[in-house]
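**Q** Starting off with a structure, shown below.
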Amino acid sequence: MRPYRPSSVNELLDGNMDRRYESCRALLDTFSNAVSRSKVLFSDECAIYHSARDRNVVFWSQENPNFMQELEHNPPHVMIWAGMTSDYLIGPYFFDGPVNAASYSAMLETWLIPQLRDRGLLDDVWLQHDGAPAHFTLSVCNVLNKHFPGRWIGHGSPTSPAPLSWPPHSPNLTTPDNSLWDTVKGRVAARHYNNNEDLRRAVEDTFRTITPKMPRRMSQRTWRRIRLCVQHQGAHTDSLDM
């Protein structure tokens, strides 16, 4: 006997696999080589908590110990954003409060766009983001159409569709979600933090340990998962990409 721990994945509703297949096939058609794929900036938000909420625990016992751990509701944390191409890691950006249309638009206009302009990437990069509610409001779409005309990937809004659609329920296809956040959380979780400032410094220190080779390797994993999604008709790719 040995313990087997379940993996958590996003639920795929009726039709989601077909949409994942079509979206991933469009991504591979649009970005058909390494040069074009290097221009895609995959992005994501993540909550980092003061203390690790470790669920990777197994009890070996003759009787059920019926152990329960109470988790604090909305525990102290920081909400961060990061973006990755195969050559660049941009971030972290720390939100001062919840991620909504106003705070996300402000991040784009006052922080991300200047960051890309300083690196000479603004006129060439494709910005990807997922289907979080703040991402497909009309105000955010207007910002994207202004600064990334015809070069953004997402859900869009009813009046402003995305130039290239992002597959639903697919955070594991983004480079931050399938690679970066595990690295950051694994290193930050080594200790408990008493306040947000200490936690922010730890996150910033962790980002500085990301070497130039790591984004390339992480990006290769993302595109491998996108190919696997097409090859397996939109199925989850976590178990396929081991």
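**Q** Please verify whether segment 200-216 includes one or more residues that are in contact with a Ser or Thr (Cβ under 7 Å, 6 or more places away or on another chain), more than 27 Å from ALA102 (Cβ to Cβ), of a type outside the set (A, V, I, L, M) and at pLDDT below 90. Talk me through it step by step, then tell me what you get.
**A** Going through segment 200-216, the residues in contact with a Ser or Thr (Cβ under 7 Å, 6 or more places away or on another chain) turn out to be 215-216.
Remaining after also requiring more than 27 Å from ALA102 (Cβ to Cβ): 215-216.
Subset that is of a type outside the set (A, V, I, L, M): 215-216.
Those left that are additionally at pLDDT below 90: none.
Checking segment 200-216: not a single residue is in contact with a Ser or Thr (Cβ under 7 Å, 6 or more places away or on another chain), more than 27 Å from ALA102 (Cβ to Cβ), of a type outside the set (A, V, I, L, M) and at pLDDT below 90.
**Q** Within segment 160-173, can you find the residues that are within 19 Å of THR85 (Cβ to Cβ) and either touching a Pro at 6+ places or on another chain (Cβ under 8 Å) or surrounded by fewer than 24 Cβ atoms within 10 Å (Cβ to Cβ) (or both)? Talk me through it step by step, then tell me what you get.
**A** Going through segment 160-173, the residues within 19 Å of THR85 (Cβ to Cβ) turn out to be 162-164, 166, 170-173.
The answer is ALA162, PRO163, LEU164, PRO171, ASN172, LEU173.
**Q** In segment 106-126, what count of residues is obtained for those that are acidic (Asp, Glu) and touching a residue at least 60 places away in the same chain (Cβ under 8 Å)?
**A** So the first thing to find is which residues in segment 106-126 are acidic (Asp, Glu), and the list is 109, 118, 123-124.
Filter once more, so that each one left must be touching a residue at least 60 places away in the same chain (Cβ under 8 Å): 124.
Of the residues in that region, 1 qualify.
**Q** Now for a separate question. Just a yes or no: is a residue in segment 87-102 over 23 Å from ARG208 (Cα atoms) and at pLDDT below 90? Spell out the reasoning first.
**A** Of all residues in segment 87-102, those over 23 Å from ARG208 (Cα atoms) come to 97-102.
Okay, now just the ones that are also at pLDDT below 90, so 97-98.
Yes - at least one qualifying residue is present in segment 87-102.
**Q** A further question on this structure: So, in segment 122-141, how many residues would count as being in contact with a strand residue (DSSP E or B) (Cβ under 8 Å, 6 or more places away or on another chain) and either within 23 Å of ASP87 (Cα to Cα) or modelled with pLDDT of 95 or more (or both)?
**A** 6
**Q** Right, another one. Report yes if ALA162 is under 26 Å from HIS77 (Cβ atoms) and assigned to a loop (DSSP other than H, G, I, E, B), otherwise no.
**A** Values: under 26 Å from HIS77 (Cβ atoms): no; assigned to a loop (DSSP other than H, G, I, E, B): yes.
No: the conditions fail for ALA162.
**Q** A further question on this structure: Would you call GLY83 in contact with a Pro (Cβ under 8 Å, 6 or more places away or on another chain), surrounded by fewer than 17 Cβ atoms within 10 Å (Cβ to Cβ), closer than 24 Å to PHE31 by Cα and not aliphatic (A, V, I, L, M)? Give the derivation first.
**A** Working: in contact with a Pro (Cβ under 8 Å, 6 or more places away or on another chain): yes; surrounded by fewer than 17 Cβ atoms within 10 Å (Cβ to Cβ): no; closer than 24 Å to PHE31 by Cα: yes; not aliphatic (A, V, I, L, M): yes.
Answer is no for this residue.
**Q** Could you tell me which numbered condition ARG227 fails, if it satisfies all but one of (1) basic (Lys, Arg); (2) in contact with a Leu (Cβ under 8 Å, 6 or more places away or on another chain); (3) farther than 19 Å from SER86 by Cβ?
**A** (3)
**Q** Go through segment 163-189 residue by residue and tally those that are at pLDDT below 85 and aliphatic (A, V, I, L, M).
**A** Number of matching residues: 1.
**Q** Next question, about the same structure. Residue by residue through segment 217-239, note down the ones that are within 19 Å of the chain's Cα centre (by Cα) and either closer than 26 Å to GLY97 by Cβ or in a loop (DSSP other than H, G, I, E, B) (or both).
**A** If we filter segment 217-239 for residues that are within 19 Å of the chain's Cα centre (by Cα), which is where we start, we get 217-229, 234-239.
Result: GLY234, ALA235, HIS236, THR237, ASP238, SER239.
**Q** Of the residues HIS155, HIS129, which is under 22 Å from LYS39 (Cα atoms), within 16 Å of the chain's Cα centre (by Cα), free of Cβ contacts under 8 Å to residues at least 40 places away in the same chain and crowded, with 18+ Cβ neighbours inside 10 Å? It would help to see each step written out before you state the result.
**A** Numbers: HIS129 fails: free of Cβ contacts under 8 Å to residues at least 40 places away in the same chain.
The conditions single out HIS155.
Here's the yes/no breakdown for (1) surrounded by 15 or more Cβ atoms within 10 Å (Cβ to Cβ); (2) not hydroxyl-bearing (Ser, Thr, Tyr):
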| site | (1), (2) |
| --- | --- |
| VAL184 | yes, yes |
| ARG191 | no, yes |
| THR209 | no, no |
| LYS213 | no, yes |
| ARG217 | no, yes |
| TRP223 | yes, yes |
| GLN233 | no, yes |
| THR237 | yes, no |
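**Q** Looking only at segment 196-216, count how many residues are in contact (Cβ under 8 Å) with a residue 12 or more places away in the chain, among the polar types (S, T, N, Q) and not in a helix (DSSP H, G or I).
**A** 1
The values are calculated or read from the model by the stated rules, or taken from the named source; none is laboratory data. As the structure is a computational prediction, the values presented were derived from the model and not from experiment. Cβ coordinates were reconstructed from backbone atoms using ideal geometry, including for glycine residues, and neighbour counts include every protein chain displayed.
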